Amino acid sequence: PPEPLAKVQVPAGADATDLYYQGERKMKAGDFAGAIADLRASLSLRRSLLTLTTLGQAYFDAGDFKNAERTLRRAGSYPRAMLLLARLYQQRGQTSKAREVYKRFVAQHPNHSKAAWARTMVDAL
């Protein structure tokens, strides 16, 4: 399981927002370990569904699907997290789980810009 956020090393004087953007930059550069560390530090300072979802994306991109799944599930019904979780399940061949997440996404976010696409995915899986 992911380490509890209380064990995360946070640089003195660090700001949650700065750490988030630093982690995002590291993700784009392919430094997933650095991104994960920064995003976890950001979360230890301030809980944010966006940061939690981005952390899940970093785990996903790093190929750590177990922590990606756990992290994205912690983000609950946050739209981006739900779509990433469904994609993770698809990539792992867990189509029934992916279908269920897409169904919940459509039910909880019927007017979201990705709702029509999610409906298509429910039918395709």
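The values are calculated or read from the model by the stated rules, or taken from the named source; none is laboratory data. Bear in mind that the values here come from a model prediction, so they are computed numbers and not experimental data. In this analysis, Cβ positions are derived from the backbone assuming ideal geometry, glycine residues included, and neighbour counts consider all displayed protein chains. Quick note on the areas: whole protein, heavy atoms, side chains included, nothing else; ligands and nucleic acids left out. Shrake-Rupley method; radii C 1.70, N 1.55, O 1.52, S 1.80 Å.
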Hey, could you check the stretch 41-57 for residues that are open to solvent by 30 Å² or more (accessible area, probe 1.4 Å) and not polar (S, T, N, Q) and say which is nearest to Arg73 (Cα to Cα)?
Leu49
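If you scan the stretch 7-63, which residues turn out to be part of a loop (DSSP other than H, G, I, E, B), in contact (Cβ under 8 Å) with a residue 12 or more places away in the chain and under 22 Å from Leu83 (Cα atoms)?
Answer for the stretch 7-63, where residues must be part of a loop (DSSP other than H, G, I, E, B), in contact (Cβ under 8 Å) with a residue 12 or more places away in the chain and under 22 Å from Leu83 (Cα atoms): Ser48, Ala62.
Looking at the stretch 64-78, which of the residues that are charged (D, E, K, R) and part of a helix (DSSP H, G or I) is farthest from Ser113 (Cα to Cα)? Talk me through it step by step, then tell me what you get.
First, pick out the residues of the stretch 64-78 that are charged (D, E, K, R): 64, 66, 69-70, 73-74.
Those still in the list that are part of a helix (DSSP H, G or I) too: 66, 69-70, 73-74.
Numbers: Lys66: 28, Glu69: 23, Arg70: 25, Arg73: 21, Arg74: 23 Å.
Among those that are charged (D, E, K, R) and part of a helix (DSSP H, G or I), it is Lys66.
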As an exercise: evaluate Pro11 against (1) within 30 Å of Val106 (Cβ to Cβ); (2) at pLDDT below 95 and give the number of the one condition it does not meet.
(1)
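Residue by residue through the stretch 68-103, note down the ones that are closer than 29 Å to Ser44 by Cα and either of a type in the set (S, T, N, Q) or surrounded by fewer than 16 Cβ atoms within 10 Å (Cβ to Cβ) (or both).
Taking the stretch 68-103 first, the residues closer than 29 Å to Ser44 by Cα are 68-89, 101.
Correct list: Arg70, Thr71, Arg73, Gly76, Ser77.
Given the criteria at pLDDT 95 or above and of a type outside the set (D, E, K, R), does Ser44 qualify? Give the steps one after another, and end with the answer.
Details: at pLDDT 95 or above: no; of a type outside the set (D, E, K, R): yes.
So Ser44 does not fit the description; no.
Please work out if Ala81 is modelled with pLDDT of 95 or more, among the small types (Gly, Ala, Ser) and in a helix (DSSP H, G or I).
Yes: the conditions hold for Ala81.
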Single unsatisfied condition, Asn111 versus (1) over 20 Å from Thr51 (Cα atoms); (2) not in a loop (DSSP other than H, G, I, E, B)
(2)
